[in-house]
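Next up is a structure, given as structure tokens.
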Amino acid sequence: MTRAAVLGLEDGSVWWGEAFGDASPASGEVVFNTAMTGYQEIASDASYNGQMVVLTYPLIGSYGTFDRAAESRRPWVEALVVRELVESCRAGTGDLDAYLRSYGVPGLLGIDTRALVRRLRAKGTLRGA
């Protein structure tokens, strides 16, 4: 079952997608990360506390989640925004959706993250909810 979700930015732009992770609302400064790997490390990096992180690499979740990949004991991001979420293909790992859900962190998928990042670069960091 898919859940519709939306990210609204303070400049008035609206980004519709699908929810994953926890169903709770989130708000914060919207920032981006261009790394090709390390989504669990990014989510659990305390420097992202209070921020909604947009990941620009289009396929997120392929290698799962596992304790050794975390920067801290829990995710610090307010929300994670991705283009496409894929299920883990590695045996013995958790999936990103369940990882975020277990810590109460919402996610948004299915939006054009490149277009969102271009907007953030042009306008500067924006708050979102």
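A short reminder: the numbers here are calculations on the coordinates, not readings from a lab. Everything numeric here is computed off the predicted structure, so don't read it as measured data. Cβ placement follows ideal geometry from the backbone for every residue including glycine, while neighbour counts extend to all protein chains displayed.
For a quick check of your reading of the filter: which GluC sites (Glu not before Pro) in the range 53-129 sit in a DSSP loop and have no more than 13 other Cβ atoms within 10 Å?
E87
Just to confirm the number: angle between the C-alpha axis of helix 113-123 and the first principal axis of the chain, 0 to 90 degrees, nearest 10?
For helix 113-123, the angle is close to 40 degrees.
How do T37, T65 rank when sorted from fewest to most other Cβ atoms within 10 Å of their own Cβ?
So the ranking, lowest neighbour count to highest, is T37, T65.
Only Cα pairs under 8 Å and at least 6 apart count here; give the relative contact order of the range 1-124 as a rounded whole percent.
This gives 30 percent for the range 1-124.
Treat every Asp and Glu Cβ in the chain as -1 and every Lys and Arg Cβ as +1, leave all other atoms uncharged, and give the resulting dipole magnitude about the Cα centre to the nearest 20 debye.
Once rounded to the nearest 20, the dipole reads 240 debye.
Based only on other Cβ atoms within 10 Å, what is the fewest-to-most ordering of F20, F66?
With the fewest neighbours first, F20, F66 line up as F66, F20.
Work out the charge dipole of the chain with +1 on the Cβ of Lys and Arg and -1 on the Cβ of Asp and Glu about the Cα centre, then indicate which of N33, G21, A115 is farthest towards its positive end.
Farthest towards the positive pole: A115.
Apply the Karplus parameterisation 6.51 cos²θ - 1.76 cosθ + 1.60, with θ equal to phi minus 60°, to every residue of the range 68-82 and state each ³J(HN,Hα) to the nearest whole Hz, in sequence, with x for glycine and proline.
5, 7, 7, 7, 8, 6, 8, x, 10, 5, 6, 6, 10, 10, 9
Looking at the range 1-86, which trypsin sites (Lys or Arg not before Pro) are DSSP coil and have at most 16 other C-beta atoms within 10 Å of their C-beta?
R3, R73
Counting other C-beta atoms within 10 Å, and keeping those with at most 12, which DSSP coil trypsin sites (Lys or Arg not before Pro) do you find in the range 96-127?
none
Distances over 20 Å make up what percent of all Cα-Cα pairs in the chain?
Here the long-distance tail beyond 20 Å is 36 percent of all Cα pairs in the chain.
Related question: Helix-derived [θ] at 222 nm for the chain: sum -39500 (n - 2.57) over DSSP H runs of at least 4, divide by residue count, nearest 500?
-4500 deg cm²/dmol
Taking amide H positions as placed 1.01 Å from N in the peptide plane, with prolines and chain starts having none, which residues 5 or more places from L108, or on another chain, fall under 5 Å of its amide H?
F20, L80, V81, V82
Moving to a separate point now. In Å³ and rounded to a whole number, note down the convex hull volume per residue for the Cα atoms of the range 51-119.
It comes to 86 Å³ per residue, whole-number rounded.
Please give me the summed charge of the neighbours of G38: other residues whose Cβ is under 12 Å from its Cβ, Lys and Arg +1, Asp and Glu -1.
-3
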